[in-house]
Structures are given as C-alpha cells and as structure tokens.
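The values are calculated or read from the model by the stated rules, or taken from the named source; none is laboratory data. Keep in mind that what you see is a predicted model, and the values were worked out from it rather than measured. Using ideal geometry, Cβ is built from the backbone for each residue, glycine included, and neighbour counts are taken over all protein chains shown. Accessible surface areas use protein heavy atoms only, side chains included; no ligands, DNA or RNA. Shrake-Rupley method; radii C 1.70, N 1.55, O 1.52, S 1.80 Å.
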Amino acid sequence: MSITEISRKIGINRNSVAKYLDVLLISGEVEVKKVCTAKLYFLSERVPLSEMLSLTSDGIIVLNSSGVIDFANVRFLKIEGCQLDEIVGKKLSDVSFTLIDDELMEKVFSSSPGEISEKEIHVEMVDESQTFRTKCIGTVLPDGCSATTLIFEDITKKRECQERLRIKEALYRAVVEDQSEFIIRYRPDRTITFVNDAYCRAFGIDRQEVIGRVFAPSIPANYREKVSAQLLSLTPENPVVSFANPVVMPDGNEGWHQWTNRGIFRDSGTLIGYQSVGWDITEQMRVQKVKYALLEEFTILSDFSGGLMMLSEDDDIWSYCAETLAKVSPSSLMLLFSYRDGLYHFHEAVSGKKWGDNDVVNTLNIAKGMQFPCLIDSAREMSSMDLQPFSEEWAGYFGEAFGNSGGGIFDAKIRSYGIRSMGIMTGNDLLGVCLVVSENGNEPRSDSLIETILNQAAVMIQNRYMLNSMRLTEKRYESLLNHSASMIGIHVGGNILYANPRLRELLGISPSEDLDYLPFTDFIHPDDLEFVTQRMIQVYSEGKAAPPRKERLLDTNGNVKEVMVFSLPTVYHGKLGSQFIVQPLS
C-alpha cells in the first residue's frame, strides 16, 4: 500500500503515516518497493534469526550480559545431549558443558561488542574424539543489550584429513629422497669407500680399482665450483642437498645426472663422509631442452600473431616481421624485399643478437629503400614456397644490383656466408622475398617457424586486417595452434568449429569432445552478448579485424572468465569465419 492509501485507511494524516513507516522500516517490520515516484510498503517476510541459526551445521549458544543463556541451536543441543528448556534462563556458570572450558568461560565475560576471539578445542566424546574451532563474539541483541555468541565449528574431518596427508607426504618424501640408481660413498677428502654396480657399469670402471681413489667425476669446468659449493654447504642441521649437473661420459658425450648428496656427521657434528645417490636424467634433459625450444618457438609465433593483429595502419609490417625473424635466428641476418610492378624494393636488414659482422649491417641499412628491376618470371623462380638455397646466379644478380652497398655478402664473401630464400606470397600473388644470410655452420634451427611467420606476414601485407594463412598451410597452422601457449578458436556462421587445447581448458571443453557446430553464444556472458554479436557481424560482413576488447566468457560450468578478446577474419575449410585469441585477465 502507498502512504496515501494507508492514510485514508486509518484516518491519520500522510506526514504522520510517513514517519511511522520510517520507524517500522528501520526496525525491519515492513519493507518498501519504489514504483516510479511512489513508494509501496508491505509487511516484512524475513526469516527470524533464531530460525536461521537453527539451520546451521555449527553449534551456537547466545548469552546475555549477565551470563544467562538466551538461546542455543539444535546442533549445540545435540552435541551436549540436552534440551533447550533445560538450559535457557540459567547462568552459564551453573551449567556444565563439554564444549566450554574455563578459558572460554573467561572470554565470555570479557568480550565487548564487535570483539572476536578464536580457539581450537579437542573434546573426548563417548564414542569418539572431536575437534572444534570456537569463536567467541561480542554481540548486540535486537533490544540493544550486550551479549556474547559462541560458535562451535566441527573441524574433526578436516584435521583427520590433514593428518593423513601429512603422514603420506612424509612417507613419500622418504621414498623419493633415497630413490637411487647410482650409489657412491667417500670420505671428506674425497677418498672413495663404496660404489655400487650401477655406478661402475655407467662409467665402465671396476669397483676394486676405484675403492681408495679420490672421487673426481668428469664434470665440465663451469659446473665444478657449483658442485663443490653444494657439498661444502652441508651441515648437521641441513645434511642433504640435491642438484643436477652435466658429466662427461666415457664415450666423450655429455650426460646429465641428478644427485642427492647427504653429509654423514657424528653426534658431535664432525663430518665423517658423504653418500651420493644419483640417476641418469640425460634423456629427460634432452626432452626438456627440446620442449623449451618448442615452447620458445610457440611463444614467438603467438606473440607475432597477436602483434600482427594489433598493428595499426601506420605500423611497418616489414620491420615488425624482420625483428621477429631475427629473434628466431639470432646468428643470422634477415633481408626483406617487396616486389611490386616489376621492381624489388629493399625494406629491411635486421641482424640477430649473435650476428658478428656489424659493418655489413650498417652498409646494408644505408641502402634501405633502394629499388631494382626484375622480371616476374625470374622473381617467381627465386621465390619458393619454403626456404631453399639461394643460387650463385641469383646472388650474383643481387650483388650487381647492390654494388658496394651489399656489404660483400653477395659476391666476395659468398664462400663464408650461406644464403637461403623464400618467397613472400599469398596464393599466386608474389609480394616479395626474404633472404636468410648465415655464417656457414650457424643456420637457423627452425625452418618451419620462419616459413610460418613469413606466411602470416604475407597475408597481413596483402590485407592488413585479414589473416588467412590457413589457406596456404592449414594443416601446419592448425598443428601450431594446437600447441600454442595462446587460447585460440575459430567460429563460422556463429558456431565454434575449432578450439585449441588451451581454449578448451579455459572453457571446460573436453579434449576429446567433438565441437559439432557448438554455438559461440553459449559461452558469452548475457550482458556482453549484444556487443559480441555486433562484432561478429562486423568481422563477417566487412572483413575487418575487431579491436581488442575486455569481455566475459562462461565455461561449461557457468563460471565467469574475464578476458581480453582479439578477433579477425579468417578462412576455415573454405568458409569465411572469425579467428579469436583469448587472453585471461587474471
């Protein structure tokens, strides 16, 4: 009812009714809902506090300022095995409770409003022992009087799980610390006292010949001081240290061993020897090295792809591409030429950080911007779809065009430099050529990464806002997306047709689940749906990349993910679609 309706109903003027309603609103007896300019009042339907307290799984008891029990919920009564009418109205000091000891009793009578104190108690019950986290809270009752509320949270199961976990962790550590393949013991002066058969087999030695000799493993010089320092750091308080180090094996190859070294001390603290337990991790280190190299390549490719989408109209794609290629091949020199109207145009000369001939770079940079003619058939002949050796014939042609501005890489020094080339192309359109100049023996380690970067750059050069490199190398590109550290997906006609493993993980989609034309709107927060739909229409109809924007996604469980999304046109299985890259914000 409105104020006017109530005023007419009870025959009191509106101002008085309004004041009474304000009082009832503050006390919680009524609630108000605003409709346009009018306020409509109705009786409050709030659940009484006592009912709410009865629903909790924690035991609760409320005492007034005199220490008299005002309330206890069902859980507290069940723990103590008593009835409410047996304790309400009695002083706490006159009743004996299992959960309340002298220390807690003292806190009850010393708590002030708003003050909270906690304590963990262990109680022996009839059938079992239980652990509770107790909170003593200074409270103010609805009538304004001070009171104290005691809350007892049963954490028995939690503590039992923690203890079981602690025991298991201790057992696991004991097994891991002593897991061994090689075992060798030696005195503080490094005299060997014991080696096992596994160590002898690995190093091709005879046990009897080794006993009594000084332990001097074939460790590379740059690791010896580090290993010695690790052993010298052992003390009675910290007798164990673990580390991995390379070692030269009997066949001359480098291996890697993981060692757990334990210092053996007398009760007096005197060091009497060492025991080293180790195992061969050569294969793991090799795999790890390859993994790190692949991860570095995927990171470079991911950063490059994202950076391409962020480039403005004024940014130089040729320069951006050359700088990325120099990171991929730190010992090489990258030369980029565009090809237009029968002319090669020299754009960039960027060297990797390990390239040693700065004079060549400086000379070439002076020549940036130069042009020289080349027939289209000849240009196509030297522009392969992948990296191929640059023939002496074409090196001579470029050397003649550059003259003294070529730094000698095309003529006098052709024997000390290796040159490979690849065309920068989209479909049948020749956009330019990339020359990779390397000192013999220092060629790039990843041709496929260079080729992929050039393919992506070619698409953006032809159309700065269209990334359709999958038309050229779809299978390879999808493989790279699958292993990319970025979260990447493709939707066509509003349906998600592809999501790489990182994106599936974010959205909660199983790696084995067939997307089967999954609507992308299923993963968009309702509040962002209108904007995202408009952006999709823009990408599809106008063929333009959409600027990055913060939005919210939903995973399959309905959890909200705050992300930054980049969208741009692409072609997937011959259909126009949109590729989007997702970057989590937390």
Ranking by accessible area, most exposed first, for T148, T56 with a 1.4 Å probe: T56, T148
Order Y397, Y20, most accessible first, counting only protein heavy atoms with a 1.4 angstrom probe. Y20, Y397
Rounded to the nearest 10 Å², the accessible area of W256 using a 1.4 Å probe with every protein chain kept is 50
Is any residue of region 198-228 close enough, with backbone N under 16 Å, to a label point placed 7 angstrom from the Cα of D189 along the Cα-Cβ axis, and if so, which? 211-216
Volume per residue (Å³) of the convex hull spanned by the alpha carbons of region 208-311 is 161
Area projected by the alpha carbon convex hull of the chain, averaged over all directions, nm²: 48.3
In whole Hz, the Karplus estimates of ³J(HN,Hα) for region 313-327 (6.51, -1.76, 1.60; θ = phi - 60°; x where Gly or Pro) are 4, 8, 6, 8, 5, 4, 5, 4, 5, 5, 5, 5, 4, 5, 5
Reach of K158 by Cα under 26 Å, taken over lysines that are not fewer than 8 positions away in the same chain: K78, K107, K119, K135, K168
Enumerate the amide H contacts of G418 below 5 Å, restricted to partners 5 or more residues apart or on another chain; note that Pro and chain-start residues carry no placed amide H. S438, E439, N440
How many Å² of accessible area per residue for region 105-216, probe 1.4 Å? 65
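Hey, what number do you get for the chain at 222 nm if only DSSP H runs of n ≥ 4 count, each worth -39500 (n - 2.57), divided across all residues, to the nearest 500?
Value at 222 nm, helices only, nearest 500: -11000 deg cm²/dmol.
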Where the centre of each part is set by its Cα atoms, how far does region 347-409 sit from region 517-553, in angstrom? 44
Cα convex hull of region 257-399: how many Å³ per residue? 230
Hey, if you put +1 on the Cβ of every Lys and Arg and -1 on every Asp and Glu Cβ in the chain, which of G307, G342, N15 ends up farthest toward the positive end of that dipole? N15
I want to check the label-to-label distance for E542 and Y223. Put each point 7 Å from Cα in the C-beta direction and report it in nm to one decimal. 5.8
Could you report the accessible area of R133 in Å², rounded to 10, computed with a 1.4 Å probe on the protein chains as they sit in the structure? 50
Ignoring any ligand, DNA or RNA, what whole percent of the accessible area of the chain comes from carbon and sulfur when the probe is 1.4 angstrom? 51
Could you state how much accessible area F182 has, in square angstrom rounded to the nearest 10, with a 1.4 Å probe and all protein chains kept in place? 10
Under 20 Å from a point placed 7 Å out from the Cα of E106 along the Cα-to-Cβ direction: which residues of region 140-171 have their backbone N that close? 148-151
Determine the gain in length on full extension of the stretch A216-K9; use 0.36 nm per residue of separation and subtract their C-alpha separation, reporting nm with one decimal. 64.2 nm
Semi-axes of the equivalent ellipsoid for region 264-316, Cα gyration tensor, largest first, Å: 53, 16, 6
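Considering only protein heavy atoms, with the full assembly of protein chains and a 1.4 angstrom probe, order L43, L104, L311 by accessible area, largest first. Walk me through the numbers on the way to the answer.
Values: L43 135, L104 5, L311 30 Å².
Output order, biggest surface exposure first: L43, L311, L104.
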Tell me, what does the Kirkwood hydrodynamic radius of region 485-568 come to in angstroms if you use every pair of distinct C-alpha atoms? 13.2
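Counting other Cβ atoms within 10 Å of each Cβ, which GluC sites (Glu not before Pro) in region 212-255 have at most 16 and sit in a DSSP loop?
Those satisfying the criteria are E237.
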Running Debye on region 13-169 with equal point scatterers at the Cα sites and no solvent, what base-10 log of I(q)/I(0) appears at q = 0.21 Å⁻¹? -1.35
Write down the Kirkwood hydrodynamic radius of region 505-545, to one decimal in angstroms, obtained as one divided by the mean of 1/r over all alpha carbon pairs. 12.0
